Protein chains: 2
Amino acid sequence: MTEGRDSQRISPPALPAGIDTPAVVIDLDIVERNAHRLGDELSRRGIALRPHAKTHKSVALARLQLEAGARGLTVGNLGEAEVFAAGGLDDLFIAYPIWADGPKAARLRALHDLDNLRLAVGFDSIAGAERLAAAVAGSRRRLAVILELDPGNRRTGAPAQAAGLIAAAARELGLDVRGVFTHGGHAYGPGAAGPAGADEVATLTAGAAALAAENIEPVVVSAGSTPTQLTAAVAPVNEIRAGTYLIGDRQQWFIGAVPDDGVAIAVAATVVSTAVDGQVVIDAGAKTLTKDVASYLTGHGVIPAYPEAVIERVSDYHGMVRIPPGTPRPTLGEIVAVIPNHVCPVIDLRDSFVATRSGTIVGIWPVDARGRSG
Amino acid sequence: MTEGRDSQRISPPALPAGIDTPAVVIDLDIVERNAHRLGDELSRRGIALRPHAKTHKSVALARLQLEAGARGLTVGNLGEAEVFAAGGLDDLFIAYPIWADGPKAARLRALHDLDNLRLAVGFDSIAGAERLAAAVAGSRRRLAVILELDPGNRRTGAPAQAAGLIAAAARELGLDVRGVFTHGGHAYGPGAAGPAGADEVATLTAGAAALAAENIEPVVVSAGSTPTQLTAAVAPVNEIRAGTYLIGDRQQWFIGAVPDDGVAIAVAATVVSTAVDGQVVIDAGAKTLTKDVASYLTGHGVIPAYPEAVIERVSDYHGMVRIPPGTPRPTLGEIVAVIPNHVCPVIDLRDSFVATRSGTIVGIWPVDARGRSG
């Protein structure tokens, strides 16, 4: 249980008194510190920050990121783009290969036609680009698109086909090819940030060259993930799309991507049962903490105040916390602060979160784009 | 991949044409058949059905269950009770050891004071019962409570303390102890339904005897879980609290608790990328399918039309589907029907679902209690 003991180093948000549980508490002082920490460093390097808003889905937190120097927002789908555009965010990149058929064609067109929105969309296939072009056919302006390249994450992006994709999109389909992007998702493990960041830089360097070969200026050369937020932040990369850096979570803390004082989120949970020996049960289960457990983690979150305790199982509304013999345990009715493994899916379960500063409630803030997954 | 091939036997809901993805589709014909299948069998046995509404969180589906013979509803927390009470459901059991402190005391009292609601609440500790009693102090009527007993699931419930808990709740605290309940959560595995059902019956038999020893009639002797819906449905059990039986999912189908024609749910997902060899990517990821994968399952859902395909990884908005060499694969842009592993957390991510009958849309139905987890 080395990791459990180490978790005592985390200084999670203080919980406000009298809170109804389960609740997600986010400390704005820590959030602002995180926003400036990365924003300032990237500014120093002359690299833009376009944070991924899927982490928080909150218009207010997005505005806070822009105030700390972010250039615009990254989103993961049309639904998030619709919500943030309606919230007044005017520079959005949908970092996803949207398949613009049927209802999605009309939704993309409606966003493209907004005069006050600067929009770009990802693509990684000619067929996908054809549908993007068809969706905006007859528009006064071209649709900005950015080609996705796989840096070794094996998710989306076709680097070997980059030249053909760029030529088809720009010349045959009349799309405004603005650049290239990668997601270093293979950085989510201990020690993986360095190699994955280098993979992103190498892949994007080749992608920028492919653009130049078509006489297209690589306006956007964008890498993204919180672990590679600094390892990929070197030329020719000119934009970073980190998301989780703002709020932190146990996973990012564990792999060293977020410092001990950078975890801004805690799930407040009440001990509701101590009936079974060696265990307490909290009222945060799978519908609060999720079942997201990275291979290098043990348990469904960590409780820094009880570092030896292991959240061993979760059912929908129960979290079963094993208490090793001879270690401290919370009492029945006690409210504990749980650091969730992965912030993104946890926030997506909430209509709102409790925004605090040092344990004082600032407001109940809506998760504006909650449930927008397509 | 035996299981994958076997999944071809599932007849999932037909997907309506032109649907926006990702979407949750629920076929009402299959739902009604499931509702009657269990309702009729329990009726034949003289046992009440009080389905757990956490599976669907839908007032409309709850009404459908009542029309098929259910006596009332089970819910998992005060939030669900508030939503279903507001929706006109008048007989609710909160099968959870509510810790009625602070905001929850006031919320419980408000529900208790509703004239048109019959409410019962679970408990498994004297301290918990004390707070329940305090929350309703001065009320004209006693609060109905039901003692939880652990049948071997090791979650909540204290069978060894049953006698003392019953005496304290009924005599000292003035609560209306109506009965005992178990949850056979240890039945969620292949071949586990028989033994777990027997555990529930044995535990409840002892609990009913403890009530009789206090001269309390065991009005409610309630077992619950979809796998034990029939194995626990024998005297002295007089109530079953199955939930997932209504809609089904891959997990319940796999362990035999739901028949091949009993899976009423499909997630409609579009293939958005085929850039990486041996793989297609669908637009249903962790924020749609969840990361709920029982130990006996492989992958984050199953696609009956492509039974060899494995949904190997999910990130928030991407599902990475491995296509073994030489097996059929869906094409870019194709919409596929995914059977999710576990229906409960999947529905909790949606504000609404597409209600169909044989592929025709009946309506977009709200998930009324979505996000109510406490």
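Projected label points at residue A:140 and residue B:219, each 7 Å from Cα along the beta carbon direction, are separated by 7.0 nanometres. In terms of Cα atoms, the Rg and Dmax of the range B:151-305 work out to 20.6, 70 Å. As a quick test, which of the pairs A:54/B:57; A:54/B:291; A:57/B:287; A:104/B:57 have an alpha carbon distance above 19 angstrom in this structure? The pairs that break the limit, which is 19 Å between Cα atoms, are A:54/B:57; A:104/B:57. Rg ratio for the protein assembly as shown: its Cα radius of gyration over 2.2 N^0.38 Å, N being its residue count, equals 0.97.
Computed over chain A, the quotient of the alpha carbon radius of gyration and 2.2 N^0.38 Å is 1.03. The angle between the Cα long axis of helix A:103-112 and the longest principal axis of the Cα atoms of chain A comes to about 80 degrees, rounded to the nearest 10.
Remark: label point of residue A:67 defined 7 Å out from Cα along the Cα-Cβ vector; separations to the same position in other copies 5.1 nm, ascending.
Counting only alpha carbon atoms, the long axis of helix B:28-45 and the longest principal axis of chain B meet at about 40°.
With all pairs of separate Cα atoms included, the range A:28-246 yields a Kirkwood hydrodynamic radius of 17.2 Å.
For the range A:46-139, the relative contact order is 24 percent, taking Cα pairs closer than 8 Å that sit 6 or more residues apart in sequence and dividing their mean separation by the residue count.
The packing ranking, built from the mean of other Cβ atoms within 10 Å per residue, places the peptides B:327-337, B:172-182 in the order B:172-182, B:327-337, highest first.
Considering the rotation that superimposes chain B on chain A, the residue of B whose beta-carbon lies nearest the axis, and that distance in Å, is B:291, 2.
In plain terms, the residue of A:295, A:139 with the fewest other Cβ atoms within 10 Å comes first and the most crowded comes last, giving A:295, A:139. Here the range B:27-60 and the range A:283-317 have alpha carbon centers that stand 32 Å from each other. Take the Cα radius of gyration of the range B:213-260 and divide it by 2.2 N^0.38 Å, N being the number of residues; the result is 1.42. Per residue of peptide B:303-316, the mean number of Cβ atoms on other chains within 10 Å of the residue Cβ is 2.
Based on DSSP H segments of at least four residues, each scored -39500 (n - 2.57), chain B has a per-residue ellipticity at 222 nm of -8000 deg cm²/dmol.
Using the alpha-carbon centroid of each, what span in Å lies between the range A:126-141 and the range B:93-153? Spelled out, the Cα-based centre of one part sits 58 Å from the other. The mean count of C-beta atoms from other chains within 10 Å of the C-beta of residues in B:150-156, rounded to a whole number, is 5. If the Kirkwood radius is taken over C-alpha pairs of the range B:125-216, then at 4 °C and 1.567 mPa s the Stokes-Einstein diffusion coefficient equals 94 µm²/s.
Between copies, the label points at residue B:44 (set 7 angstrom from Cα along Cα-to-Cβ) are spaced 7.5 nm, reported in nanometres from shortest to longest. Return the inverse of the average 1/r over all pairs of distinct C-alpha atoms in the range A:75-174, which is the Kirkwood hydrodynamic radius, in Å to one decimal. Computed over the range A:75-174, the radius equals 13.7 Å. The mean sequence separation of alpha-carbon pairs under 8 Å and at least six residues apart, normalised by the residue count of chain B, gives a relative contact order of 22 percent. What's the whole-number percent of alpha carbon pairs in the range A:275-374 lying beyond 17 angstrom? Roughly 57 percent, rounded to a whole number. Distances between copies of residue A:163, taken at a point 7 Å out from Cα along the Cα→Cβ vector and listed shortest first: 8.6 nm. Using every pair of distinct Cα positions in the range A:1-92, the Kirkwood expression returns a hydrodynamic radius of 15.2 angstrom.
Values quoted throughout were computed directly from the atomic coordinates according to the rules given, and no laboratory measurement underlies them. Only a predicted model underlies this, so the values are computations on that prediction, with no experimental measurement involved. Please note: Cβ atoms are built from the backbone with ideal geometry, for glycine as well, and neighbour counts cover all protein chains shown.
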